[in-house]
Amino acid sequence: MMLEITTPTIFFPGTLCDERIWMPVWKQLSIAQRSYVPLQWADTLEQMQALSADRINSFESKVHLVGYSMGGYIAALTALQFPDKIASLTLVGYCPNGLSAQEIQQRKRLIKTIENKKPVAMNSARLAHFFTPTEMQNSDLVNIVKEMESDLGPSVLKAHIQSTTPRPDLSTQLQSSRFPLHFIAGELDQVAPVKPIQELATSISKADYNQIDATGHMMLIAQPDEVAKQLSKLLG
């Protein structure tokens with residue numbers, strides 16, 4: 001039996017991701033009106049926002065926004081820009097507290113590596129940051145990430161990092177927003193750890209915290225059935 005969502009829902013991908021990151025979840029859901037923001041097409045933050053505005057303005061009714069990782073940042077910006085159009089905002093594997101100084105420096109080093117035309121391949125060390133040790137043993141999961149990286153290439157990675165660095169703290173604005181806010185976190189996520197997400201969700205009156213156990217940052221492809229169940233519960 002398919003899980004149903006009747007309100008129009010717009011999905012946002014993460015860094016160096018395309019539709020393939022959401023496909024396993026979509027296969028579990030029956031969504032009356034589904035839209036996707038192709039952030040892999042954008043070279044700048046302004047272009048990301050323009051693509052988002054185009055999708056949201058294509059619906060007359062309010063919409064759910066569901067953003068994963070970097071896409072959570074863009075979804076949050078979009079929700080704050082069009083608050084009257086938002087039925088709810090769901091942030092998956094993303095904490096809106098902004099980037100730390102250490103994270104910004106890491107991103108600058110990665111951009112420099114790309115500009116110097118040095119390889120930034122998705123090796124085992126990088127993959128281990130996104131997956132749990134158990135998930136790393138599943139070649140089908142790992143290959144999805146490797147294929148997206150190979151197909152999209154370093155230019156998209158550079159554009160995504162530059163467009164979203166620095167990434168300001170949006171928590172104060174979200175605390176005063178009128179739309180419901182849902183957080184979905186992976187228990188073992190190293191990119192977006194659960195503790196600050198839990199703390200932020202507790203501090204926002206219209207927010208709730210939802211956890212997918214025994215998974216890391218790539219929960220959309222590692223546990224799509226659980227993510228779909230959460231989305232159906234929150235948005236259905």
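Screening Pro154 with (1) more than 17 Å from the chain's Cα centre (by Cα); (2) surrounded by 11 or more Cβ atoms within 10 Å (Cβ to Cβ); (3) farther than 19 Å from Gln47 by Cβ gives one miss only, at (3).
Close Cβ contacts (under 7 Å, 6 or more residues apart or on different chains) running from residues in segment 163-176 that are modelled with pLDDT of 95 or more to residues that are among the polar types (S, T, N, Q) and assigned to a helix (DSSP H, G or I) are absent. For first residues located in segment 200-214 and in a strand (DSSP E or B), partners that are aromatic (Phe, Trp, Tyr) and lie 6+ apart or on another chain with Cβ distances below 9 Å form the pairs Ala207/Phe183; Asp208/Phe183; Tyr209/Phe183; Asn210/Phe183; Gln211/Phe183. Just so you know, in segment 77-95 the residues that are small (Gly, Ala, Ser) and not in a strand (DSSP E or B) include one that is farthest from Lys233 (Cα to Cα), and it is Ala79. Each residue in segment 184-199 was checked for being farther than 11 Å from Gly93 by Cβ and either without any contact (Cβ under 8 Å) to a residue 40 or more places away in the chain or outside any loop (DSSP other than H, G, I, E, B) (or both), and 5 of them qualify. In segment 80-101, the residue that is surrounded by the fewest Cβ atoms within 10 Å (Cβ to Cβ) out of those that are over 19 Å from Ser203 (Cα atoms) and touching a strand residue (DSSP E or B) at 6+ places or on another chain (Cβ under 7 Å) is Ala87.
Go through segment 203-233 and report how many residues are among the polar types (S, T, N, Q), under 23 Å from Glu103 (Cβ atoms) and out of contact with any Asp or Glu (no Cβ under 7 Å at 6 or more places or on another chain). Can you show your working first?
At the first step, the residues of segment 203-233 found to be among the polar types (S, T, N, Q) are 203, 205, 210-211, 215, 223, 230, 232.
Checking the rest, the ones that are also under 23 Å from Glu103 (Cβ atoms) come to 203, 211, 215.
So of that shortlist, the ones also out of contact with any Asp or Glu (no Cβ under 7 Å at 6 or more places or on another chain) come out as 203.
Total meeting the criteria: 1.
The residue that is surrounded by the most Cβ atoms within 10 Å (Cβ to Cβ), counting only those in segment 106-136 that are among the charged types (D, E, K, R) and within 18 Å of Pro154 (Cα to Cα), is Arg107.
Scanning segment 36-53 for residues that are crowded, with 16+ Cβ neighbours inside 10 Å and among the polar types (S, T, N, Q) gives Gln40, Gln49, Ser52. Taken over segment 1-25, the criterion of being more than 18 Å from His217 (Cα to Cα) and either of a type outside the set (A, V, I, L, M, F, W, C) or buried (at least 17 other Cβ atoms within 10 Å of the Cβ) (or both) is satisfied by Leu3, Glu4, Ile5, Thr6, Thr7, Pro8, Thr9, Ile10.
Looking for whichever is part of a loop (DSSP other than H, G, I, E, B) and either polar (S, T, N, Q) or touching a strand residue (DSSP E or B) at 6+ places or on another chain (Cβ under 6 Å) (or both) here; the options are Ser232, Ser155, Ser177, Ser150. Which one fits? Break it down stepwise before answering.
Working: Ser232 fails: part of a loop (DSSP other than H, G, I, E, B); Ser155 fails: part of a loop (DSSP other than H, G, I, E, B); Ser150 fails: part of a loop (DSSP other than H, G, I, E, B).
Checking each option against the conditions leaves just Ser177.
The values are calculated or read from the model by the stated rules, or taken from the named source; none is laboratory data. In this text, all values refer to a predicted model and were calculated from it rather than measured experimentally. Backbone-built Cβ (ideal geometry, glycine too); neighbour counts: all protein chains shown.
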